[in-house]
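The values are calculated or read from the model by the stated rules, or taken from the named source; none is laboratory data. Because the structure is predicted, anything quoted here is derived from the model rather than measured. FYI the Cβ positions are ideal-geometry reconstructions off the backbone, even for glycines, and counts take in every protein chain you see.
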């Protein structure tokens with residue numbers, strides 16, 4: 001695949017972009033979310049605070065060998081174009097589109113030569129072929145040192161390991177690299193011709209210094225990687241150019257549409273949900289669960305390292321996020337419903353099965369009659385930091401039934417959230433008993449949310465927002481176009497209803513006893 005060479009870049013700097021805002025008319029903003037499963041584009045109406053149109057295209061994943069997963073450059077750009085075209089075709093007044101930005105998965109990247117040729121597919125973020133490179137890099141650079149500089153705990157996922165894998169296995173590709181473009185950077189380049197990245201996506205290479213918000217020269221030198229390969233990094237929501245004439249003709253976007261830096265998809269979704277200030281907490285629950293806390297400084301403590309948490313620049317300027325995760329959350333719930341209410345095979349569970357399981361589990365008293373499920377099916381997650389841990393079911397008797405086991409798993413997921421919330425509070429990253437904003441597909445499971453409120457003792461706020469990551473990208477587009485002056489102003493422009501789940505005092509007291517007398521002894525035994 002051949003790309004146009006950047007005409008707006010001199011050395012490592014971008015020319016200043018002149019911005020002219022069309023006042024007096026309703027303005028639209030475009031946000032693209034390049035996800036692992038789908039690529040979606042939304043058109044956001046600044047005046048109404050609502051989405052005008054949504055375009056979607058299936059993200060194509062290729063498997064050159066059974067264990068590998070890759071994204072082809074032509075596939076990625078093709079799905080982006082298709083999703084933009086679909087959204088613009090639904091838009092009543094496309095001439096009102098003023099700016100565009102991108103949210104994306106964080107670690108996959110394309111190597112590009114000096115003439116704009118993509119040299120290799122982007123290795124998927126979850127592809128495990130880089131395990132040996134990750135171990136080598138951790139041994140060479142040092143686990144604590146990497147974390148202190150980059151805020152990231154060494155894992156095979158991150159961009160540096162993909163570069164090292166290419167060097168070890170296809171050196172002829174590395175010899176020709178001129179640019180290393182993460183998915184967001186690649187799409188920004190294709191839209192505008194400008195080389196740029198944002199702080200949050202740069203962070204996912206595990207080569208970005210959180211203390212200075214620049215590429216880490218010591219780490220790059222130690223890895224033997226030229227700094228010139230990496231695009232200049234800017235705050236999320238920085239204008240870097242306008243869409244090219246070719247892209248305007250292909251998509252129907254106005255040619256004067258401003259292109260702005262975006263951000264990591266989880267973080268863009270948090271912005272759209274209103275998580276903008278230090279002390280704010282968010283849980284994003286899907287197949288996995290991610291907990292995110294916003295702080296006003298980068299604090300890479302030994303406790304966070306031991307817990308397995310990452311800490312890096314947020315999409316709101318002058319703030320950072322601390323992230324914890326459990327790899328099997330909604331996935332664990334799907335597993336147990338499939339096992340007990342479906343046909344026992346993946347993909348056989350129906351919405352009716354879910355509804356029945358959750359309704360019956362709601363009738364079970366707190367504690368599931370002594371059954372405890374530790375949902376460490378794919379590792380313990382944070383704050384325990386034990387990837388080798390596995391799930392456990394305890395306290396079973398012959399009289400336990402299906403609803404009680406579903407209830408036990410839901411309570412196990414809620415206890416995990418409590419452990420993480422308490423860790424963040426104890427480290428001063430979150431206030432005591434914080435309000436937790438919750439987004440993601442599993443927010444449809446209202447029983448899960450109510451139990452989480454009661455076990456954590458924290459109110460849960462669930463904004464009814466669709467396409468959160470793409471909407472967050474649209475807000476960053478508005479910041480780059482000077483439509484919004486801050487992340488808070490951008491987030492407050494989104495109109496949505498909010499469901500609040502309050503912890504009941506009696507249930508909180510019951511769960512505190514269960515936590516101390518049953519859950520903690522079980523956790524200490526198995527994790």
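Results, tabulated for the structure shown:
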{"item": "Exclusive hit being at pLDDT 95 or above, buried (at least 24 other Cβ atoms within 10 Å of the Cβ) and closer than 29 Å to residue 504 by Cβ, set 456, 437, 471", "result": "456"}
{"item": "Qualifying positions in the stretch 270-279 - surrounded by 24 or more Cβ atoms within 10 Å (Cβ to Cβ) and in contact with a strand residue (DSSP E or B) (Cβ under 6 Å, 6 or more places away or on another chain)", "result": "270, 273, 275"}
{"item": "Odd one out for residue 483, checked against (1) at pLDDT below 95; (2) surrounded by fewer than 24 Cβ atoms within 10 Å (Cβ to Cβ)", "result": "(1)"}
{"item": "Matching option when the condition is free of Cβ contacts under 8 Å to residues at least 40 places away in the same chain, over 30 Å from residue 213 (Cβ atoms) and in a helix (DSSP H, G or I), among 333, 339, 405, 358", "result": "339"}
{"item": "Given (1) touching a residue at least 40 places away in the same chain (Cβ under 8 Å); (2) in contact with a strand residue (DSSP E or B) (Cβ under 9 Å, 6 or more places away or on another chain); (3) not assigned by TED's automatic domain parsing to the domain that holds residue 358, number of the condition residue 394 does not satisfy", "result": "(3)"}
{"item": "Test for residue 470: is it assigned to a helix (DSSP H, G or I) and either without any contact (Cβ under 8 Å) to a residue 60 or more places away in the chain or under 21 Å from the mean Cα position of the chain (by Cα) (or both)", "result": "yes"}
{"item": "Qualifying residue in the stretch 379-387 (condition: touching a strand residue (DSSP E or B) at 6+ places or on another chain (Cβ under 7 Å), buried (at least 19 other Cβ atoms within 10 Å of the Cβ) and on the phi > 0 side of the Ramachandran plot)", "result": "yes"}
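Residues are listed down the side, and each one gets a yes or a no for (1) under 24 Å from residue 35 (Cβ atoms); (2) modelled with pLDDT of 95 or more; (3) in contact with a helix residue (DSSP H, G or I) (Cβ under 7 Å, 6 or more places away or on another chain); (4) in a helix (DSSP H, G or I):
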{"position": "154", "(1), (2), (3), (4)": "no, yes, yes, no"}
{"position": "165", "(1), (2), (3), (4)": "yes, yes, yes, yes"}
{"position": "172", "(1), (2), (3), (4)": "no, yes, no, yes"}
{"position": "181", "(1), (2), (3), (4)": "yes, yes, yes, no"}
{"position": "184", "(1), (2), (3), (4)": "yes, yes, yes, yes"}
{"position": "187", "(1), (2), (3), (4)": "yes, yes, yes, yes"}
{"position": "191", "(1), (2), (3), (4)": "yes, yes, yes, yes"}
{"position": "194", "(1), (2), (3), (4)": "yes, yes, yes, no"}
